[in-house]
Amino acid sequence: MKISNDLVEGVVEEVLPKIFCVFIDDSYQRSMLFCKYQEFYESPFKEIRGKTFTLEQYMSLYRQKNNEQVFTYPKDWSGFNIPSNIIQKGMSAFSKRGWGPYDEIMSDIWYSCENYPLRFEKPRTKWYLIGSSKCDLDTMKHEIAHGLYYTNKEYKKNCDKLLDRIKARDYKFLKLCLIEMGYADDDKIISDEIQAFMSTGLYSKLKTEETQKYTKKFIENFKNFYNEK
């Protein structure tokens, strides 16, 4: 699917079975398209996650919470990942209040992916949507790890076993770092982020001598499910 309008230029491709990527090289366009749905899914703000809100409300709240004079979201976040059923719930919520041009684009993307060959399967197959730039392969792989954790039972099972092997103090350290980075204080979200970072590359404060010792097994597992072309 090609996206071409005044707001967004990009393309949607199936990068793995049941995982679709919206490739948008412009970081502002990509962030503004995904913003409401990503935050509806896993926002750290309780008044936003799972709630009905407008883009303008979120922009104002984000600026205030981060003590900034401007809306820095497009600079702060480069990749996005959302389960198909959450997008559907978000569309339903925003159709009642706050529907805008980015919702129209996301709606077109959802219907295109939903009506992919998956429609021939019964029951209807869940799928995953990620967003990245084609120029940023590291971010794309990180988001693919999220997609695999949601769509592939074997991958998730393997990751959960590896997560259980992380020492409590190291897990707590990673959790606190992720919360500081802007992720929600939610065990499911934190575990998903840890497996994605472990599988595709730690960076910033997450990368320490103690945490790096866990990455090898995660990376090996990831490569069993995703081979770079």
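Numbers for the structure displayed
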| quantity | calculated |
| --- | --- |
| In segment 35-59, the residues that are in contact with a Leu (Cβ under 9 Å, 6 or more places away or on another chain) and either within 14 Å of residue 182 (Cβ to Cβ) or outside the structural domain of residue 96 (by TED's automatic domain parsing) (or both) | 35, 45, 48 |
| Residue in segment 52-72 that is within 17 Å of the chain's Cα centre (by Cα) and of a type outside the set (Gly, Ala, Ser) present | no |
| Output for segment 21-36, where each listed residue is buried (at least 23 other Cβ atoms within 10 Å of the Cβ) and outside any strand (DSSP E or B) | 24, 30, 33, 34, 36 |
| Every residue from segment 73-92 that is over 16 Å from residue 40 (Cβ atoms) and surrounded by 13 or more Cβ atoms within 10 Å (Cβ to Cβ) | 74, 76, 78, 79 |
| Single residue of 171, 214 found to be of a type in the set (Ser, Thr, Tyr) and closer than 29 Å to residue 46 by Cα | 171 |
| Inter-residue pairs, beta-carbon under 8 Å, first over 19 Å from residue 181 (Cα atoms) and in segment 199-221, second of a type in the set (Val, Ile, Thr) and outside any helix (DSSP H, G or I), 6+ apart | 214/166 |
| Pair list, Cβ under 7 Å, 6 or more apart: segment 15-38 residue on the phi > 0 side of the Ramachandran plot, other residue assigned to a strand (DSSP E or B) and of a type in the set (Ser, Thr, Tyr) | 18/128 |
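The values are calculated or read from the model by the stated rules, or taken from the named source; none is laboratory data. The shown structure was predicted, so the numbers you read here are calculated from the model rather than taken from an experiment. Positions of Cβ are generated from backbone atoms using ideal geometry, with glycine treated the same way; all protein chains shown enter the neighbour counts.
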